[in-house]
Amino acid sequence: MERTNQQREAVVSIRNLYKAFGSNEVLRGVDLDLFHGENLVVLGRSGTGKSVLIKIIAGLLKPDSGTVNVLGREVPGLNAKELNALRLELGFSFQNSALYDSMSVKENLLFPLLHHRRHLPKSAVDRSVETVLDAVGLLQAKNQMPAELSGGQKKRIGIARTLILQPKIMLYDEPTAGLDPITSSEINELINEVQERYHTSSIIITHDLTCAKDTGDRVAMLLDGVFAKEGTFDDVFRSEDERIQSFYNYNFTG
Amino acid sequence: MEGDRKRRFFISKRVDGFFIIFSNVTSFIGRFFKEMFRRPLEWNEFIHQCYEIGYRSLLLITMTAFITGVVFTKQSRPSLSEFGAQSWLPSLVAIAVIKSLAPLVTALICAGKVGSGIGAELGSMRVTEQIDAMEVSATNPFKYLVNTRIGAATLMLPMLMLYAAFVSMMGSYLDISLNEQTSFTTFLQNAFSKITFLDYASSIIRSLVFGFTIGTVGCYQGFNTSGGTQGVGRAANSAVVVSMFFIFIEEMLILQIINSFR
Ligand SMILES: Nc1ncnc2c1ncn2[C@@H]1O[C@H](COP(=O)(O)OP(=O)(O)O)[C@@H](O)[C@H]1O
Ligand SMILES: [Mg+2]
């Protein structure tokens with residue numbers, strides 16, 4: 001179980017990344033590696049640019065400068081076609097699930113599938129839907145509409161929708177935000193199951209320390225636009241840095 | 001301060017802003033035409049949108065068109081009677097309805113119902129990251145959402161316009177049959193005697209342009225929504241106002257152009 005970064009292949013590799021919105025300098029020289037097969041938790045307070053960071057990885061936002069290498073490809077330099085090819089390898093779980101609310105659960109799952117696996121026979125399509133619904137434990141929700149689902153169920157369907165194309169890398173944006181502690185821990189479990197079952201490498205963005213502890217093989221702390229500390233959960237919070245200590249205390253006492 | 005301003009704006013904030021919007025809209029429309037010929041064609045969504053547009057506006061168009069037909073007939077009768085030209089009533093109504101009322105009424109109702117609907121729908125999909133979700137699943141949200149809606153609006157407006165004209169004429173016939181005992185065939189013969197092919201063409205072309213305008217403005221506002229729930233309201237609202245504004249300008253321009261062919 002001991003993970004040594006040196007001998008492992010980096011699937012995401014970010015160097016010296018800068019991103020500002022007008023005068024709001026959000027990322028100021030970020031360096032980050034995601035290694036094959038690991039769950040990397042990115043911790044940070046609200047508004048520190050965690051979402052911006054993974055949106056840059058998925059090519060939804062353009063960085064101002066720096067390199068963003070994903071699966072051996074330089075994301076900011078890709079043309080539309082190359083970017084789409086790369087995105088098929090990425091799963092993005094949005095903070096508010098972002099289910100298509102005009103479509104049923106099944107249609108949500110079919111949407112990416114029918115756009116990319118046009119010639120799949122109907123039986124194979126149905127099987128894929130069943131498989132991912134089973135993976136997130138929501139087989140019975142197949143014909144429901146998103147509005148009928150609870151927050152936790154929406155999260156699961158959002159994750160199922162990304163799994164259907166069997167991504168190599170998963171990006172979770174605040175997977176437990178807005179959920180009660182029990183549902184949160186179920187989602188944490190799901191994240192670990194996805195890692196085992198689909199052999200994904202994941203970046204999990206959160207400010208929830210329980211989530212970080214339960215899912216993270218490695219934790220990186222985003223503070224003031226750079227990664228201030230990185231290591232196992234205990235490594236990071238053993239740090240003397242006042243900002244990290246106050247983050248810890250606030251989470252577990254506040 | 002002064003130097004700062006010079007650096008940031010080419011002419012002035014307002015004029016620059018206008019040109020930025022103008023170039024954004026132009027590239028939005030350009031992208032619509034570019035995507036039009038690309039696969040997949042998204043037929044299902046296109047048909048679904050055609051249905052949605054009809055469904056959203058049909059009741060209101062039927063009521064408005066019918067009442068317009070009845071009221072216009074009633075109101076025109078006294079003036080025509082004065083000249084003893086009452087028998088020209090169907091013809092007058094047909095000219096008014098087909099050449100001007102049906103296209104305009106249809107366009108304004110659709111700007112209100114369809115334009116705001118598209119603006120709000122795409123706007124809420126933008127702020128709830130549904131459009132981003134489509135993008136990261138390597139599908140093409142522009143093609144799927146925008147092209148289908150603009151295409152459907154462009155196709156449906158002329159159809160709804162013809163339907164509105166038909167309903168208006170029925171309203172008119174109701175009133176005429178009650179007052180003048182004209183037979184339906186006489187009514188039709190009289191009504192369409194003064195309408196030329198160019199009149200139909202002009203109304204259909206205007207409706208196509210209005211439909212394209214309503215679809216484009218609604219989609220542009222919705223697709224570029226920012227600022228959460230408030231932004232969705234703003235997008236829906238400005239979709240209506242802006243498309244009505246363009247509809248009036250286009251009405252004038254196209255009439256001028258077509259009349260120069262007469
Ligand atoms: N599209 C955008 N335009 C302008 N500012 C943005 C945009 N996206 C994010 N920001 C700003 O970047 C900062 C970081 O945002 P975000 O990454 O969403 O924070 P979080 O760490 O909570 O996910 C915030 O101050 C936000 O206002
Ligand atoms: Mg965020």
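The values are calculated or read from the model by the stated rules, or taken from the named source; none is laboratory data. On a predicted model such as this, the values are computed, not experimentally measured, just so you know. Reconstructed Cβ throughout: ideal geometry from the backbone, glycine too, with neighbour counts over all protein chains shown.
If only one of A:Ser185, A:Ser239 is modelled with pLDDT of 90 or more, over 25 Å from B:Val136 (Cα atoms) and small (Gly, Ala, Ser), which one is it?
None of the other options fit; the residue is A:Ser185.
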* Asked: When you look at B:Val217, is it under 13 Å from B:Val114 (Cα atoms), among the β-branched types (Val, Ile, Thr) and surrounded by fewer than 16 Cβ atoms within 10 Å (Cβ to Cβ), yes or no?
  -> no
* Some residue of the range B:57-80 being farther than 17 Å from B:Pro141 by Cβ and at pLDDT below 90 -> no
* To do: Would you please name the residue that is nearest to the other protein chains (Cβ to nearest Cβ), looking only at residues in the range A:36-72 that are away from ligand 1 (no atom under 16 Å from the Cβ) and touching an Asp or Glu at 6+ places or on another chain (Cβ under 7 Å)?
  => A:Leu71
* To do: Scan the range A:3-21 and give yes if some residue there is in contact with a Leu (Cβ under 6 Å, 6 or more places away or on another chain), within 12 Å of ligand 1 (Cβ to nearest atom), in a strand (DSSP E or B) and closer than 25 Å to A:Ala177 by Cβ, otherwise no.
  => yes
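Being at pLDDT 95 or above, small (Gly, Ala, Ser) and closer than 16 Å to B:Met125 by Cβ narrows it down to one residue among B:Gly228, B:Gly171, B:Gly218; which is it?
Working: B:Gly228 fails: at pLDDT 95 or above; B:Gly171 fails: closer than 16 Å to B:Met125 by Cβ.
Checking each option against the conditions leaves just B:Gly218.
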* To do: Looking at (1) under 18 Å from the mean Cα position of the chain (by Cα); (2) away from ligand 2 (no atom under 16 Å from the Cβ); (3) within 19 Å of A:Val41 (Cα to Cα), find the lone condition where A:Ile164 falls short.
  => (3)
* Could you grab me the full set of residues in the range A:84-94 that are more than 7 Å from chain B (Cβ to nearest Cβ), buried (at least 18 other Cβ atoms within 10 Å of the Cβ) and either under 12 Å from A:Gln166 (Cα atoms) or within 16 Å of ligand 1 (Cβ to nearest atom) (or both)? => A:Gly91, A:Ser93
* Asked: Which of (1) part of a loop (DSSP other than H, G, I, E, B); (2) more than 16 Å from ligand 2 (Cβ to nearest atom); (3) in contact with a strand residue (DSSP E or B) (Cβ under 7 Å, 6 or more places away or on another chain) does A:Gly59 not meet, given it meets every other one?
  -> (3)
* **Hits in the range A:165-186 (condition: within 13 Å of ligand 1 (Cβ to nearest atom), part of a loop (DSSP other than H, G, I, E, B) and surrounded by 23 or more Cβ atoms within 10 Å (Cβ to Cβ))** => A:Pro175
* Any chance you could count how many residues in the range B:32-63 are within 14 Å of another protein chain (Cβ to nearest Cβ), assigned to a helix (DSSP H, G or I), more than 14 Å from B:Ala153 (Cβ to Cβ) and touching a helix residue (DSSP H, G or I) at 6+ places or on another chain (Cβ under 6 Å)? => 1
* Structure fact -> Given the conditions (1) over 25 Å from B:His48 (Cα atoms); (2) in a helix (DSSP H, G or I), every one holds for B:Ser226 apart from (2)
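From the list A:Ser46, A:Ser23, exactly one residue is in the same structural domain as A:Glu193 (by TED's automatic domain parsing), more than 13 Å from ligand 2 (Cβ to nearest atom), surrounded by fewer than 17 Cβ atoms within 10 Å (Cβ to Cβ) and modelled with pLDDT under 95. Which is it?
On the way: A:Ser46 fails: more than 13 Å from ligand 2 (Cβ to nearest atom).
Only one candidate passes the filter, namely A:Ser23.
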* Residue that is in contact (Cβ under 8 Å) with a residue 12 or more places away in the chain, charged (D, E, K, R), farther than 16 Å from B:Ala164 by Cα and touching a Pro at 6+ places or on another chain (Cβ under 9 Å), where the choices are B:Lys143, B:Lys74 -> B:Lys143
* **Counted residues, the range A:108-123 - those being away from chain B (no Cβ under 11 Å) and out of contact with any helix residue (DSSP H, G or I) (no Cβ under 8 Å at 6 or more places or on another chain)** => 4
* Structure fact -> Contact list, first residue from the range A:201-220 and free of Cβ contacts under 8 Å to residues at least 40 places away in the same chain, second anywhere and among the aromatic types (Phe, Trp, Tyr), beta-carbon distance below 6 Å, six or more apart or interchain, is A:Lys213/A:Phe233
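Taking the stated definitions as given, is A:Leu99 within 14 Å of another protein chain (Cβ to nearest Cβ), on the phi < 0 side of the Ramachandran plot and buried (at least 21 other Cβ atoms within 10 Å of the Cβ)? Walk me through how you get there before you give the answer.
Details: within 14 Å of another protein chain (Cβ to nearest Cβ): yes; on the phi < 0 side of the Ramachandran plot: yes; buried (at least 21 other Cβ atoms within 10 Å of the Cβ): yes.
Yes; evaluated as a whole, the condition is true for this residue.
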* **Members of the range A:216-235 that are within 16 Å of ligand 2 (Cβ to nearest atom), in a strand (DSSP E or B) and over 17 Å from A:Ser246 (Cβ atoms)** => A:Ala220
* Identify, by number, the condition in (1) more than 16 Å from ligand 2 (Cβ to nearest atom); (2) hydroxyl-bearing (Ser, Thr, Tyr); (3) buried (at least 24 other Cβ atoms within 10 Å of the Cβ) that A:Thr206 doesn't meet. => (1)
